[in-house]
Structure formats: structure tokens, C-alpha cells
């Protein structure tokens, strides 16, 4: 085909314009200028005290971070906020799987904010290292509460030991209180050791139960019921109302078999429906009644003092464990003694004693 025919062909490709680079140097420079510098401790504290949600979230992210420089900043922020905290009602909420915690928290939270209070919802998820974000699913289910201007929902860290996650949650409580939230919900996911951690950082422990859950949970329920300040039977609506009332009577009778509490408070058993919003006000009135009575008897303040002391020792234990297991020098030593135990050359107890002895000698 001749040159003339090529020019007249439909297959002719016209020369296009030169394409600019995907990211220009000018764009990079503009981005660098716009990029914010790390805020100072004073800026964080001022933002939290002025009830800035964005800065509060950023400060909690620092608490959750494992980077030493972030932890240093976080602890300084906490120290400055400490004198502005402690004025809230801290409520722990737990329950068996399927009890409807998310729906209950949303309905209960909406009721509380309607009374003029400001609510922060935090969570402890000991299984998060494997499930990777189950709490985020809870947050998306609380659509109304998430958009409530008087509510703040914060998912728990996505990984870490229960003790570490619980400590970070407790530190987050201090920042939320300093930011003006006068009611704090601490939610647990599942049933297990997380209840003990939550019980050690709240003023009131609420256990949610289902009617006719079966005897397979009796062992778990016994331990948690002894910690509960009140029990709420959920999903008491429709054809389930009678079952819920029967369960209420059964749990009430069971609670009388337990030893009396330090606070001299008799735990109450109530029924509620998150769907129809029945029984919700009764639960809130019960919590207020509990707070008033325990403050009058000074138990409220004594309990908080014990909790503060407990978390001091918990933090010492956590730091000792982290320093021991994360130190490169000790990893090889631990593996060496582990093999000696497996080979039957040392007992487990003697190996631990020698390792700890060497560790403290080195310090």
C-alpha cells in the first residue's frame, strides 16, 4: 500500500498529545506543604478539652499505637487530662452471643442522650487478633447512634493481649471524660476473661441475658452473675414476653443464693425490648439509683480507688512481660531453656527461675 493510501485509510492513527506524568513534581511539593505536622501535647490537650472529636480520636490512636514515641506522647496527654476526668458514670455491658448487645446499646444510648447526657461507647475485644475487626461490624449496626451528635463510638484495638487492650481502653476512658462525655459504655465481645477486665474499670456492670438460653451456659453465667450489678433479659417482646418474665423470676431467685455484695446493693433483674424500647428507662433509673446509693455510702469512690491501684499493678506486669519477651537478647535464651525443658534436662519451674534470675541480674 502506498504512502497516499495509508494517509487516506481508516486505520490511520493521529499523533496524540504528550501525556503528563501520573504525579507531577509540583503536585508532590504542594502535598508536602499541605501535610500537617505532628501536633504537640498542648495542642492535643486543648483539642480534647474543647471537645474536638477529631483530635480525641487521634489521641486515642496514639494510645493504641505500639510505637514508643507515640506512647510517650500519649502518656503525657493522659497526665494532663487526668485532672479533668473522673466525672462520668462508667457502665460495663456484656452478654452471651446473640443477646443483641449492639441493638441494646444503640437503643439505650439514644435514651441516655435524650436526657441531655453525652455518651462514649468503647469496646474490649480479646478475640480481635483472630477475628480482625468484629467491633467495626458492631459500629456499622449502630447507625443512628453513630450519627448522634451527643454520642461517640470507638472500636477497640485490632490486636494485642487482653491485658494490653483493656489498659488502652481504660486510658481512653480518661480522654473521653476530659472531652466532656459524662456517660461511658464499655462493651465486651463474647463471654470470658474480658468480663473480669471490664468489671475492674467500671462503676456499674450490666449483664444482658436471653430467656431460655439453655443449661450449657450455666457455668459461665454463674461467674459473671456474681459480678453483675443488674441483669437485663433482652428481646422481651411479642411471643417472648412470657418466657422473658419467667427467666426474670428464675434469675432473681438465683441471685438470692449468692453472698451479699460489698456495696450492700441487691442486684435487680429486669426485662427489656430494644426493638420496642420497653424497659429501657427502668434500666437507666436503676443505674442512677445505684450510683446515688453507692456515693452516699462512699463505696463508689472506694471502688474507683481500688481500680486505679489495680491498673497500676497491671501496667507493671504488662511492661515486665513486654520487656522480657520482646528483648532480642532474651529470645535466644528463652528458646535455649525451652529446649532444655523439652529434652527433660530442666523442669519448667527451674528453667523459669533461672531465666528470671539472669534477667534481673542483667538489669
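The values are calculated or read from the model by the stated rules, or taken from the named source; none is laboratory data. Predicted, not measured: the structure shown is a model, and the values here were computed from it. We place every Cβ from the backbone using ideal geometry, glycine too, and count neighbours over all the protein chains shown.
Whether any residue in the range 67-74 is more than 30 Å from residue 270 (Cα to Cα) and in contact (Cβ under 8 Å) with a residue 40 or more places away in the chain is what I want to check.
Scanning the range 67-74, I find at least one residue that is more than 30 Å from residue 270 (Cα to Cα) and in contact (Cβ under 8 Å) with a residue 40 or more places away in the chain, so the answer is yes.
Run down 29, 49 and say which single residue is modelled with pLDDT of 95 or more, over 21 Å from the mean Cα position of the chain (by Cα) and on the phi < 0 side of the Ramachandran plot.
Residue meeting the stated conditions: 49.
Being out of contact with any helix residue (DSSP H, G or I) (no Cβ under 6 Å at 6 or more places or on another chain) and not assigned by TED's automatic domain parsing to the domain that holds residue 266 narrows it down to one of 281, 293, 358, so name that one.
Answer to the check: 358.
Give the range 266-288 a look and list any residue that's surrounded by fewer than 18 Cβ atoms within 10 Å (Cβ to Cβ) and farther than 18 Å from residue 113 by Cα, or say none.
Selection gives 266 alone.
Determine which single condition residue 43 fails, assuming it passes every other condition in (1) touching a helix residue (DSSP H, G or I) at 6+ places or on another chain (Cβ under 6 Å); (2) modelled with pLDDT of 95 or more.
Exception for residue 43: condition (1).
Does at least one position in the range 203-213 carry a residue that is modelled with pLDDT of 85 or more, more than 30 Å from residue 247 (Cα to Cα) and outside any helix (DSSP H, G or I)?
Among the residues of the range 203-213, not one is modelled with pLDDT of 85 or more, more than 30 Å from residue 247 (Cα to Cα) and outside any helix (DSSP H, G or I), which makes the answer no.
Of 313, 290, which residue is within 26 Å of the chain's Cα centre (by Cα) and free of Cβ contacts under 8 Å to residues at least 12 places away in the same chain?
313
Give the residues of the range 178-190 that are assigned to a loop (DSSP other than H, G, I, E, B) and either at pLDDT below 95 or more than 15 Å from residue 204 (Cα to Cα) (or both), sorted by residue number.
The answer is 179, 180, 181, 189, 190.
Any idea which of 231, 220 is at pLDDT 85 or above and assigned by TED's automatic domain parsing to the domain that holds residue 197?
Of 231, 220, the one residue that is at pLDDT 85 or above and assigned by TED's automatic domain parsing to the domain that holds residue 197 is 231.
Which one of 241, 231 is part of a strand (DSSP E or B) and on the phi < 0 side of the Ramachandran plot?
231
In the range 167-177, is there at least one residue being surrounded by fewer than 16 Cβ atoms within 10 Å (Cβ to Cβ) and modelled with pLDDT of 90 or more?
No, the range 167-177 contains no residue that is surrounded by fewer than 16 Cβ atoms within 10 Å (Cβ to Cβ) and modelled with pLDDT of 90 or more.
Considering 328, 262, 302, which residue is surrounded by fewer than 15 Cβ atoms within 10 Å (Cβ to Cβ), outside the structural domain of residue 89 (by TED's automatic domain parsing) and either touching a residue at least 24 places away in the same chain (Cβ under 8 Å) or within 30 Å of residue 353 (Cβ to Cβ) (or both)?
Criteria check complete, one pass: 328.
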